[in-house]
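The values are calculated or read from the model by the stated rules, or taken from the named source; none is laboratory data. Note that the structure is predicted; figures quoted are calculated from it, not measured. Positions of Cβ are backbone-derived with ideal geometry, glycine not excepted, and every protein chain shown enters the neighbour counts.
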Amino acid sequence: MKSRLWVFRDIDLTQRAALAQALSISFATASLLLARGVTTRDQATAWMSPIHSHDPFLIPDMERAVDRLHQAMERQERVCFYGDYDVDGMSATSIYLSFFRGLGADVRAYVPHRIREGYGLNEGAIRRLTAEGVTLLVTSDCGTTSHHEIVLANQLGLEVIVTDHHQTDEQMPPALAVMNPHRRDAQYPFRGLCSGGLAYKVACAYVAKYGQGAVPLDSLLDLVALSTVADVVPLQDENRAFVRAGLAELSRGARCGIRALKQVAGVTRACTAETIAFKLGPRLNAAGRMDDAIKGVQLLTTESESEAQQLAEHLEQLNRARQQLEAEIMQEALAQVEAREVPGAIVLASRQWHLGVVGIVAARLVDRFHRPAIVIAVNEQGIGKGSARTVPGFDLYQGLASCRDLVMAFGGHPSAAGVTIHEDRLPEFAERFAAVASGWAHDTQHVPTLHVDSEVRLDEVTLRLLQEIETLHPFGAGNPEPMFAGTRLEIMNARVVGEKHLKLTLRQGRSLPFDSIGFGMKSLEEQGLSLRTPVDVAFTPELNHWNGLDRIQLRIRDMRPTVSE
């Protein structure tokens, strides 16, 4: 077994001692806070507090947007909420639809079809909505770069409010309002909101200025949690408070569409960020990948139990079809990569691939080869549309910007992006993008790394530590699960459970023995280790409930032989 490169966070021991004393917490928890950039008592208190929110009117154009929405409510204008076809877009659209429908507004939702219409605003949809009498259009998770389409909308008498968190150009589109925390003139203190978070802030601003409607703000937080976790924005600042409260709403299942979705996904316990990432999110995304994302919006906003059940079962079928398609494309992609030397960045394309799953395949390739990857589906007209994913430290948006003369369009975030390109330009684009990535990368950056928060002794791993860690939940992007390292551990016994999981009992010196589990690690021999080998183990501590008892368990993330000094 080839161990990953362990990179220990740089922790100032004096700061650690001061923080531990000020907050009456363990050194291990103080190390976790310092590793996340939390250095003072006030910062730590804010980080660990369940309530944390900023003034929504600090978001650019917020008051203008809220005033225009109120005017539309007063005049009973027809308003359309236009979202992207991923979980963030669906959730943000559902937040808008639920809240303003509760005010008695004449509202509808529109989500473009991924394959027939593509991402963002399009001319055909704008003309159709205008013909249907829509006078105000509010985007979710798109619109920042839609200059041409918004000019057309204005010419047709359709006013546009943009809610988006994608990277921005210097020039804003000619919309009535552009609420994007990445605007250069933005004064909002946190730029990590996704579009679901932004839609929620619009609802908060509306209530603050014009009063509460029929839909309580807290009841929308389940949708905010869905969008925040699924869109992999940083779980920092107010996002943490949103997700923590939203997970409680998801667990309660007040929304009938959520209850139905949890049922088909087999979710019976309290919801966590992992529940969204691996259970609920993929099923919602399957609507936009394999069929029509408006069905996801319908599921999240319906008040009919029977309709919710039908939609959830349909999404379950779509997700199974997506899994099968993804496996087939991944096999073909691996054959392309492994037939040659792996370049600094992987760019693959095919006319046989389904546009709805290329993003997932790109993410799988990044995990396997630890390089930026772009996977492109080319249509019959020779136009390729693809999704890009990256490794930590390489900014996809800037990487694509350096190739802008070769592509028809691109956009997104530093960590995930989309690109449209003509088939003829693919070879030159692949070569240049790989060169850009190679120029950025250092030798070690093509080696999978494991970031370790701090080294601990096993006798520091106590119930008190787990209780302190609980205050740092939820974990995800920007707030990773705690990662500790224990050195010179003795393997007391080892066995394989469930055919591929390695179950160990570990001890350090005279410490108590700890049950430990390495998922997918198979046997000790396959790890190149034996019972006689002292080991260093990177792990996350957790509480394991089994046979009515709670015991501390170490979830092993990596393991290597101890190097004798």
For region 110-119, which positions are touching a Gly at 6+ places or on another chain (Cβ under 7 Å) and within 24 Å of residue 62 (Cα to Cα)? 111
Please work out if residue 327 is touching a residue at least 24 places away in the same chain (Cβ under 8 Å) and assigned to a helix (DSSP H, G or I). no
Mind checking which helices (runs of 4 or more DSSP H) fall wholly inside region 35-118 and carry at least 2 residues that are more than 30 Å from residue 258 (Cα to Cα)? 41-48, 62-75
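State all residues of region 538-565 that are among the basic types (Lys, Arg) and without any contact (Cβ under 8 Å) to a residue 12 or more places away in the chain; if no residue qualifies, say none.
Step one: of region 538-565, the residues among the basic types (Lys, Arg) are 551, 555, 557, 560.
Those that are among the basic types (Lys, Arg) and without any contact (Cβ under 8 Å) to a residue 12 or more places away in the chain: none in region 538-565.
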From the list 273, 287, pick out the single residue that is buried (at least 17 other Cβ atoms within 10 Å of the Cβ) and in contact with a strand residue (DSSP E or B) (Cβ under 7 Å, 6 or more places away or on another chain). 273
Within region 290-308, residues being crowded, with 21+ Cβ neighbours inside 10 Å, small (Gly, Ala, Ser) and assigned to a helix (DSSP H, G or I) number 2
Which of the residues belonging to region 351-364 are closer than 12 Å to residue 377 by Cα, hydrophobic (A, V, I, L, M, F, W, C) and assigned to a helix (DSSP H, G or I)? 355, 357, 358, 361, 362
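Does residue 219 fit the bill of being polar (S, T, N, Q), touching a Gly at 6+ places or on another chain (Cβ under 6 Å), modelled with pLDDT of 95 or more and part of a helix (DSSP H, G or I)? Spell out how you get there, then give the answer.
Working: polar (S, T, N, Q): yes; touching a Gly at 6+ places or on another chain (Cβ under 6 Å): no; modelled with pLDDT of 95 or more: yes; part of a helix (DSSP H, G or I): yes.
For residue 219, the condition - polar (S, T, N, Q), touching a Gly at 6+ places or on another chain (Cβ under 6 Å), modelled with pLDDT of 95 or more and part of a helix (DSSP H, G or I) - is not met.
Can you name the residue in region 457-511 that is among the aliphatic types (A, V, I, L, M) and within 26 Å of the chain's Cα centre (by Cα) and is also farthest from residue 544 (Cα to Cα) among such residues?
477
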Test set (1) of a type in the set (Phe, Trp, Tyr); (2) farther than 30 Å from residue 226 by Cα; (3) surrounded by 20 or more Cβ atoms within 10 Å (Cβ to Cβ); (4) within 25 Å of the chain's Cα centre (by Cα) - residue 429 fails condition number: (4)
Testing residue 94 on (1) touching a helix residue (DSSP H, G or I) at 6+ places or on another chain (Cβ under 8 Å); (2) surrounded by fewer than 22 Cβ atoms within 10 Å (Cβ to Cβ); (3) modelled with pLDDT of 95 or more; (4) closer than 26 Å to residue 302 by Cβ, one condition comes back false. Which one is that? (2)
Just to verify a result, which residue in region 538-552, among those that are over 21 Å from residue 479 (Cα atoms) and touching a strand residue (DSSP E or B) at 6+ places or on another chain (Cβ under 7 Å), is modelled with the highest pLDDT? 552
Restricting region 146-183 to residues that are charged (D, E, K, R) and more than 25 Å from residue 52 (Cβ to Cβ), the one surrounded by the most Cβ atoms within 10 Å (Cβ to Cβ) turns out to be 149
Restrict the check to region 30-52 and report whether at least one residue is out of contact with any Gly (no Cβ under 8 Å at 6 or more places or on another chain), surrounded by fewer than 17 Cβ atoms within 10 Å (Cβ to Cβ), at pLDDT 90 or above and of a type in the set (A, V, I, L, M). no
Which one of the conditions (1) out of contact with any helix residue (DSSP H, G or I) (no Cβ under 6 Å at 6 or more places or on another chain); (2) without any contact (Cβ under 8 Å) to a residue 40 or more places away in the chain does residue 78 fail to meet, given that it meets all the rest? (2)
So in region 103-137, with the set limited to residues that are β-branched (Val, Ile, Thr) and in contact (Cβ under 8 Å) with a residue 40 or more places away in the chain, which one is nearest to residue 81 (Cα to Cα)? 111
Whichever residue in region 263-283 is part of a helix (DSSP H, G or I) and more than 23 Å from residue 472 (Cα to Cα) and, among such residues, is nearest to the chain's Cα centre (by Cα): 282
So if I check each of 315, 334, 348, which one is in a strand (DSSP E or B) and free of Cβ contacts under 8 Å to residues at least 60 places away in the same chain? 348
Restricting to region 38-59, count the residues that are more than 23 Å from residue 246 (Cβ to Cβ) and in contact with an Asp or Glu (Cβ under 9 Å, 6 or more places away or on another chain). 1
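Here is a yes/no grid of residues against (1) hydrophobic (A, V, I, L, M, F, W, C); (2) modelled with pLDDT under 95; (3) touching a Cys at 6+ places or on another chain (Cβ under 9 Å):
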| site | (1), (2), (3) |
| --- | --- |
| 369 | yes, yes, no |
| 376 | yes, no, no |
| 381 | no, yes, no |
| 390 | no, yes, no |
| 394 | yes, yes, no |
| 401 | yes, yes, no |
| 414 | no, yes, no |
| 419 | yes, yes, yes |
| 426 | yes, no, no |
Residue in region 123-145 that is modelled with the lowest pLDDT, counting only those that are assigned to a loop (DSSP other than H, G, I, E, B) and crowded, with 16+ Cβ neighbours inside 10 Å: 145
